[in-house]
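For reference, the structure discussed in these notes is given below.
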Number of protein chains: 2
Amino acid sequence: MNELRINGDRLWASLMELAKIGATPKGGVKRLALTDLDKQGRDLVVGWAKEAGLAITIDQIGNVFMRREGRNPALAPVMTGSHIDTQPTGGKFDGNYGVLAGLEVVRTLNDMNIETEAPLEVAFWTNEEGSRFVPVMMGSGVFCGAFSLETAYAAKDTEGKTVRDELARIGYMGDQVPGQHPIGAYFETHIEQGPVLEDADKVIGVVPAVMGLSWYDCVVTGMEAHAGPTPMGLRKDAMQVSTYIMQEVVKIANRYPPYGRGTVGMVQVFPNSRNVIPGEVKFSIDLRNVNDELLNIMHEEMLAFIDKTRSESGLGITVERVSYYPPCPFHPDCVGAVRAATEKLGYTTMDVVSGAGHDAIYAARLAPAGMIFVPCKDGISHNEIEDAKSDHLEAGCNVLLHAMLDRARIAS
Amino acid sequence: MNELRINGDRLWASLMELAKIGATPKGGVKRLALTDLDKQGRDLVVGWAKEAGLAITIDQIGNVFMRREGRNPALAPVMTGSHIDTQPTGGKFDGNYGVLAGLEVVRTLNDMNIETEAPLEVAFWTNEEGSRFVPVMMGSGVFCGAFSLETAYAAKDTEGKTVRDELARIGYMGDQVPGQHPIGAYFETHIEQGPVLEDADKVIGVVPAVMGLSWYDCVVTGMEAHAGPTPMGLRKDAMQVSTYIMQEVVKIANRYPPYGRGTVGMVQVFPNSRNVIPGEVKFSIDLRNVNDELLNIMHEEMLAFIDKTRSESGLGITVERVSYYPPCPFHPDCVGAVRAATEKLGYTTMDVVSGAGHDAIYAARLAPAGMIFVPCKDGISHNEIEDAKSDHLEAGCNVLLHAMLDRARIAS
C-alpha cells in the first residue's frame with residue numbers, strides 16, 4: 001500500500017485544462033458562479049467524471065456529487081470536494097485543486113482496479129467564492145442548513161439576476177433536496193492561501209481547525225474643519241483617533257499568539273480632502289483566533305479600548321459586529337487520517353490552522369471532516385498570480401488518496 | 001471721526017441678495033468661477049458699484065476694480081477686495097463679505113459726502129476658490145506675477161472648458177494687462193474660517209500674517225495578503241505602518257505651538273477590502289506654521305521619522321513634497337491701521353494668524369497689505385452651513401472703513 005500514488009502529471013494537465021475556461025491575460029481565471037463559463041467548467045468536470053465511470057447527482061442548489069460505487073453501497077460515502085467557481089481576478093488552483101484532486105484519486109483507483117468498501121464521492125459546491133452572489137459558501141451552506149434554499153435562490157448579482165434563474169439557465173438546478181445526501185467522512189485539499197508552509201519549507205499542512213472570526217464596522221465621528229485655521233487643541237480629528245484603535249487591533253492580536261489575527265483592511269475617510277481635518281472615518285476590524293474563548297477575550301478587549309478612546313477623545317465612536325463565525329475544529333478521525341497518510345508517505349509536514357473559510361466548515365456540521373493544505377507561492381491567492389508547484393499538488397493528492405482509503409477501506 | 005459707522009443692515013441685505021444667485025436648498029451658495037451664475041453675481045455687484053458712482057476697470061484675467069476717485073487721482077488707490085466665486089457647496093460669506101464690505105464702505109462715504117485724498121478701490125478677483133479651475137487664487141496670482149496669464153487661460157474644468165473661453169463667454173475678459181494697476185495699500189475682510197475668535201469670544205481678529213504650508217504625498221507599500229491565513233509576524237501591513245506616521249504628523253505640530261499645524265486629510269487604502277491586509281496606503285500630509293524656520297524644522301523632523309519608520313518596518317515608504325507656500329507676514333502699516341481702528345471703535349480683539357490662503361497673500365507681494373477677521377459659527381466655512389453674525393460682519397466693516405480712511409486720509 002505504501003507504493004500507491006496518484007498521477008501528478010495527469011492532475012496537473014487537468015488543472016491546466018480547466019484553467020483555460022475563463023483564462024485571463026495575466027495568467028489567472030475569471031469563472032464566476034453560474035455564468036456561462038461556470039457551466040463550461042462544470043460540463044468539463046462532469047464529462048471527465050463520466051469517463052471515469054462516476055454517477056452524477058445534482059441537488060437543487062446545483063451542488064454536484066460524482067460517485068464511485070463501493071462494495072457496500074449502503075455505507076455513507078467518503079467524500080472529497082471543493083469548488084470550481086473563482087474570484088473575478090482568481091487563480092487556477094483555489095477550489096479547482098480540491099475537485100480535480102478528488103477526480104485524480106478516482107482515476108488512480110480505476111487504473112489499479114481497486115475497489116473500496118464504502119462508496120467514494122467527489123463533490124463540487126455551488127458559489128463558494130461569493131463574488132457574484134452572497135452569502136459565500138452558498139452550496140455547502142444550503143446543504144448543511146446554515147441558511148435556506150429560498151435565501152440562496154433569492155440572492156441577486158449586481159445586474160439583478162437571481163441564483164434561481166441563473167442556476168436554471170445553465171442547466172444545473174437538480175432534483176435532490178439539499179442535505180438529503182449522506183456523508184460518511186469529508187476531506188478537502190486546498191492551497192494554503194497563506195505563507196506558513198512556504199515560510200517553514202513544509203510540503204503538507206495538516207489542518208486541525210479553521211479559525212473563528214469576528215467582523216466589525218467602526219465609525220469615528222469628529223468635526224471636519226480647515227487644516228490651516230483650526231488650532232491643534234480645538235480639533236476633533238476623526239483620523240487621528242482612528243489610528244489609535246487601528247493600532248490596538250494589531251496589538252490585541254499580538255497578545256494572543258500564535259493564532260490571534262487582527263486586521264484593518266478597509267478605511268473610508270470623509271470628506272477625504274487634503275486640507276480638511278477628517279470629520280468621519282469608517283473602517284473595518286477583522287479579529288480571528290482558533291480558540292473561541294480567546295476570540296471572545298479579544299472582542300472584549302477591543303470594546304474596552306474603544307470605550308476608553310471614546311471617553312478620552314470626546315469623539316463619537318460606534319462599533320458594530322457585522323459577522324461572526326465560531327472556530328471549527330475538524331474531527332480527530334479525519335485529522336488523524338490525514339496525519340497518518342502524510343507520515344506514511346514521508347512528506348515534511350506541520351499543523352496549519354486555516355485562517356480562511358472553506359466548504360469543509362459546513363460539511364463538518366454533518367460529518368467528520370478534515371483538510372489537507374499544500375503551499376502556494378508567497379501565500380498569495382484570490383489573485384491572478386496565484387501559483388503552486390506541481391510536486392506539492394501531487395503530494396497533497398497522494399495524502400488525500402490514502403486518507404480517503406483509510407476511511408473507506410479497500411475491499412479485500 | 002469716532003462716530004463714523006457703516007450701515008450694517010444694508011451690508012447684510014446686500015449679502016443676502018447676492019447669496020440668492022446660486023442659492024442651494026441647504027442654505028448655501030454654489031456659484032463656481034466663470035459660470036453663468038458667476039456672471040450674474042458679477043453683474044449684480046458691478047451694477048451696485050455703478051449706482052454708487054464707481055468707475056469699473058476689468059483686466060485680462062477678469063479681475064474687476066471699482067474705483068471711487070480721490071481728491072488726488074495720481075495717488076495709488078487704497079484697495080480692498082476679495083472674491084465672489086464659491087465652493088461647490090459653499091456659503092454666503094466666504095469672499096462675498098470682503099467684496100460687499102468694500103462696497104458698503106463706499107456707500108457710507110457717499111452718504112456722508114466724505115472725500116478722501118487717495119482714491120479708493122473695491123476689487124473682486126477671479127477664481128479664488130480653485131474648485132472649477134486650478135490653480136487657486138488665480139486672478140490675484142496672475143495679477144502679482146505668481147504665474148502667467150497663459151497658464152491661467154489654459155486651465156480646464158472637468159468638461160475640458162478653458163478659463164480663456166469661459167471668461168470670454170461670460171463677458172469678463174477685460175483689456176487691462178494684469179498687474180498694470182497700482183495699489184497703494186490693500187485690506188481684506190474675511191470670515192475667520194477657523195474657531196479661534198469664537199472660542200475666545202472676540203469680535204475682531206487682527207491678522208499679522210498667513211501661515212506657510214508644505215503639502216506632501218506619502219505612499220507606504222507593503223504586501224496585500226489574506227487577513228486570516230497570514231500570521232501577524234509575516235505581515236507587511238501598509239495601514240499599520242501608516243498609522244505611526246499619521247500620529248507623528250500631529251505630534252510634530254504639537255511640538256511647535258501655537259501655530260504648528262499637522263493634518264492627514266486624505267487616505268486611500270488598496271485594495272480596501274475587509275479581509276485583505278492593505279498592500280498600499282497613500283495619504284496626504286499638511287504641515288503649517290507661521291514661522292518659516294519652524295516649518296522647515298517640522299519638515300525635517302517628519303522626513304527623519306519616515307526614514308526611521310522605513311528602516312524599522314522594512315516596508316517601502318516614499319514621501320514627495322507637492323506644494324509649498326512660505327509664510328506671508330502682513331505689512332506693519334496695514335496691520336497697525338487695522339489694530340488702531342479696532343481699538344478706536346472699542347471692539348474686543350485678538351491677533352489671529354490666518355491658516356488659510358487669501359488673495360491678500362498675492363496682493364501683499366505688490367503693496368502693503370493687511371486683513372481683518374470676524375468670527376464664523378463653529379469655525380465652519382466651505383460648507384453650506386457656513387454662518388456669521390450680522391453684528392460681527394458690521395464690526396469688521398467698520399474696522400475696514402477706518403483702516404482705509406487711515407491710509408487714504410480724509411480730504412480736508
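Assorted remarks:
- Kirkwood analysis of the Cα pair distances in the protein assembly as shown returns a hydrodynamic radius of 30.8 Å.
- With 31 Å as the limit on Cα-Cα distance, the pairs of A:30/A:344; A:251/B:282; A:282/B:30; A:20/A:202 that go past it are A:30/A:344.
- Spin-label model distance (nm) - residue B:76 vs residue B:134, 7 Å beyond Cα toward Cβ: 3.2 nm
- Paramagnetic reach from residue A:331 (point 7 Å along Cα→Cβ, amide N under 18 Å) across segment A:129-150: A:140-141, A:143-146
- Sorting B:70-78, B:156-164, A:38-46 by their mean Cβ neighbour count within 10 Å, with the most densely packed peptide first, gives A:38-46, B:70-78, B:156-164.
- Shape category assigned to segment B:178-268 from the gyration tensor of Cα positions, a/c cut at 1.5: prolate
- Choice from A:398, A:113, A:296 with maximal GNM fluctuation in chain A (Cα, 10 Å cutoff): A:113
- Candidates B:96, B:275, B:110: whichever shows maximal mean-square fluctuation once chain B is modelled as a Gaussian network with Cα springs under 10 Å: B:275
- Taken one residue at a time, the phi angles of segment B:380-388 give Karplus couplings (6.51, -1.76, 1.60, θ = phi - 60°) of 8, 9, 6, 7, 5, 8, 3, 8, 8 Hz. Gly and Pro are set to x.
- Peptide A:287-294 shows a mean partner chain C-beta count of 1 within 10 Å per residue C-beta.
- Shown for B:94, B:391: other C-beta atoms within 10 Å of each C-beta, ranked fewest to most, produce the order B:391, B:94.
- For residue A:79, the residues whose modelled amide H falls within less than 5 Å of its own, excluding neighbours fewer than 5 places apart on the same chain, are A:121, A:184, A:185, A:186, A:187.
- Cα-based convex hull volume of segment A:106-186 per residue, rounded to whole Å³: 126 Å³
- Sequence-separation-based contact order of segment A:5-105, relative, with Cα cut under 8 Å and 6+ spacing, percent: 34 percent
- Stretching the chain fully between residue B:217 and residue B:292 yields a gain of 25.0 nm (0.36 nm per residue, less the alpha carbon separation).
- Shielding value for B:272-281 is 5, the average number of Cβ atoms from other chains within 10 Å of each residue's Cβ.
- Measuring from the axis that maps chain B onto chain A, the chain B residue with the nearest beta carbon and its rounded distance in angstrom come out as B:243, 2.
- Chain B - percent relative contact order, Cα under 8 Å, separation 6 or more: 24 percent
- Nearby aspartates and glutamates by direct alpha-carbon distance to residue A:39 (threshold 12 angstrom, same-chain neighbours under 8 apart not counted): A:85, A:166
- Distances between copies at residue A:57, taken between label points 7 Å from Cα along the C-beta direction, are 9.4 nm in increasing order.
- Charge sum, other residues only, whose C-beta stays under 15 Å from residue B:214's C-beta, Lys/Arg counted +1 and Asp/Glu -1: -4
- Neighbour counts of C-beta atoms inside 10 Å place B:68, B:274 in the sequence B:274, B:68, starting with the fewest.
- Extension gain from residue B:304 to residue B:176, taking 0.36 nm per residue of separation minus the Cα-Cα distance: 41.2 nm
- With eigenvalues of the C-alpha gyration tensor scaled by 5 and rooted, segment A:1-64, Å: 24, 20, 9
- This ranking places A:342, B:309, A:126 by how few other beta-carbon atoms lie within 10 Å of each, fewest first, which gives B:309, A:342, A:126.
- Here is how far apart the residue B:258 label points are across copies: 5.7 nm, shortest first, using a point 7 Å from Cα toward Cβ.
- Reachable aspartates and glutamates, given that their alpha-carbon falls under 14 Å from the alpha-carbon of residue A:26 and they are not under 8 places away in the same chain: A:384, A:386, A:387
- Annotation for residue A:303, label-to-label distances across the other copies: 4.8 nm (shortest first, one decimal, point 7 Å from Cα along Cα→Cβ).
- Magnitude of the charge dipole, segment B:70-148, Cβ model with Lys/Arg +1 and Asp/Glu -1, debye to 20: 120 debye
- Taking every DSSP helix (H) stretch of at least 4 residues in chain A, weighting each as -39,500 (n - 2.57) and dividing the sum by the residue count yields a mean residue ellipticity at 222 nm of -11000 deg cm²/dmol.
- Relative to the longest principal axis of the Cα atoms of chain A, the long axis of helix A:36-51 makes an angle of roughly 30 degrees.
- Derived scalar couplings between HN and Hα for segment B:107-124 equal 4, 5, 5, 4, 4, 8, 6, 9, 9, 9, 5, 7, x, 10, 9, 10, 10, 10 Hz in order, rounded to whole Hz, by the Karplus curve 6.51 cos²θ - 1.76 cosθ + 1.60 (θ = phi - 60°), x for Gly and Pro.
- Mean silhouette area of segment A:212-325, derived from the convex hull of its C-alpha atoms and averaged over all directions, reads 6.8 nm².
- Pairwise FRET efficiency - residue A:113 versus residue A:391, Cβ, R0 = 30 Å, nearest 0.05: 0.65
- Here the contact order of segment B:212-325, divided by its residue count and restricted to Cα pairs under 8 Å and six or more residues apart, works out to 44 percent.
- Calculated SAXS-style log₁₀ I(q)/I(0) at q = 0.10, 0.18 Å⁻¹ - segment B:251-389, Debye, Cα scatterers: -0.52, -1.21
- Inter-site label distance for residue A:348 and residue B:255 at 7 Å from Cα along Cβ, in nm: 4.6 nm
- Net charge of neighbours whose Cβ lies under 10 Å from the Cβ of residue A:352, counting Lys and Arg as +1 and Asp and Glu as -1: -1
- With K and R counted +1 and D and E -1, the other residues having a Cβ less than 13 Å from that of residue B:411 yield a net charge of 0.
- Angle in degrees between helix A:238-255 and the longest Cα principal axis of chain A, rounded to the nearest 10: 40 degrees
- Mean-position separation - Cα centroids, segment A:277-340 and segment B:187-206, in angstrom: 46 Å
- Averaged over the residues of B:247-253, the number of partner chain Cβ atoms lying within 10 Å of the residue Cβ comes to 3.
- Modelled FRET efficiency - R0 25 Å, residue A:50 with residue A:13, Cβ distances, 0.05 increments: 0.90
- Segment A:92-162-segment A:1-71 distance, computed between alpha-carbon centres (Å): 10 Å
- For chain A, the equivalent ellipsoid built from the Cα gyration tensor has semi-axes of 43, 23, 19 Å, listed from largest to smallest.
Just so you know, all these numbers are worked out from the coordinates, no wet-lab data involved. Since the structure is predicted, the reported quantities are computational estimates derived from the model, not experimental observations. Cβ coordinates were reconstructed from backbone atoms using ideal geometry, including for glycine residues, and neighbour counts include every protein chain displayed.
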